[in-house]
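To start, the structure under review is shown below, and the notes come after it.
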Amino acid sequence: MSGAWKPGHRIPYEHELMADYGCSRMTVNRALGALSQAGLLDRRKRAGSFVATPRFHRAALEIPDIRSEVAAQGKTYDFELHTRRSRRATAADKALLASGAGRILALECRHLANRIPYALEYRLINLEVVPSAAQADFAIEPPGSWLLDHVAWTEAEHRITAINADAALALALDVTPGQACIKLERWTWRGEERITYARQVYPGDRYGFVAHFLA
């Protein structure tokens, strides 16, 4: 918890901990098991126990600003805009936006924390509803941050699924092909008009969603 042992550090073997703390193997094993269940250790068969990479947890029912959540972790945020296309909406676009949108803005980008890939994002913005997005400089401001600052919304929907990284996704997120990832899809409305569709993909071993409810 102090950070003296960084993520990936192999902690002493059980017999070393027994000697250090003067306790039985059963006690050490129970302690390591509890730390593993708490997400602080990654126990690997025949390899040992390692300090786990911390997960960032976010409430699943809010609309996030990735730039702000990275800063809240004390990390340096960077943003890469990979593609930006203003075009007529295809049938697939209209299905995602659930509208007869004429023109849309399609964006693909990558978010980084301390220069490590944090999330990939694909977004459609309905230019019939938000025409000012056509002039926004998304090369320097993330689209999610811009929308939260400039566009009022009244309703949102999230869908969270798990996917395995294919070769392209693994390369973009700097993970192993086949690794589990979290896919968050989000739709936002203003009244009956759908504003945007966003798909964000996060490495599954570094991210999680939580929600707290009161009765």
Condition broken by residue 143, with the remaining ones in (1) at pLDDT below 90; (2) open to solvent by less than 10 Å² (accessible area, probe 1.4 Å) satisfied: (1)
Residue list for region 5-22, restricted to those being part of a helix (DSSP H, G or I) and open to solvent by less than 100 Å² (accessible area, probe 1.4 Å): 14, 16, 17, 18, 19
Tabulated pairs, region 9-28, first over 15 Å from residue 48 (Cβ atoms) and aromatic (Phe, Trp, Tyr), second open to solvent by 80 Å² or more (accessible area, probe 1.4 Å) and assigned to a loop (DSSP other than H, G, I, E, B), C-beta under 6 angstrom, 6+ apart or interchain: none
Selection status of residue 136, open to solvent by less than 60 Å² (accessible area, probe 1.4 Å), more than 23 Å from the chain's Cα centre (by Cα) and closer than 30 Å to residue 74 by Cβ: yes
Residue match in region 169-182 (condition: farther than 21 Å from residue 113 by Cβ, open to solvent by 30 Å² or more (accessible area, probe 1.4 Å) and either among the aromatic types (Phe, Trp, Tyr) or touching an Asp or Glu at 6+ places or on another chain (Cβ under 9 Å) (or both)): yes
Region 147-160, residues that are under 17 Å from residue 119 (Cα atoms) and either in contact with a helix residue (DSSP H, G or I) (Cβ under 9 Å, 6 or more places away or on another chain) or open to solvent by 70 Å² or more (accessible area, probe 1.4 Å) (or both): 159, 160
Some residue of region 167-182 being on the phi < 0 side of the Ramachandran plot, among the hydroxyl-bearing types (Ser, Thr, Tyr) and part of a helix (DSSP H, G or I): no
Meets criteria (surrounded by 13 or more Cβ atoms within 10 Å (Cβ to Cβ) and more than 17 Å from residue 190 (Cα to Cα)) for residue 125: no
Whichever residue in region 196-215 is at pLDDT 90 or above and aliphatic (A, V, I, L, M) and, among such residues, is farthest from residue 133 (Cα to Cα): 201
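The values are calculated or read from the model by the stated rules, or taken from the named source; none is laboratory data. Computed from a predicted structure; not experimentally measured. In this analysis, Cβ positions are derived from the backbone assuming ideal geometry, glycine residues included, and neighbour counts consider all displayed protein chains. Please note that ligands, DNA and RNA were not included when accessible areas were found on the heavy atoms of the full protein model with its side chains. Shrake-Rupley method; radii C 1.70, N 1.55, O 1.52, S 1.80 Å.
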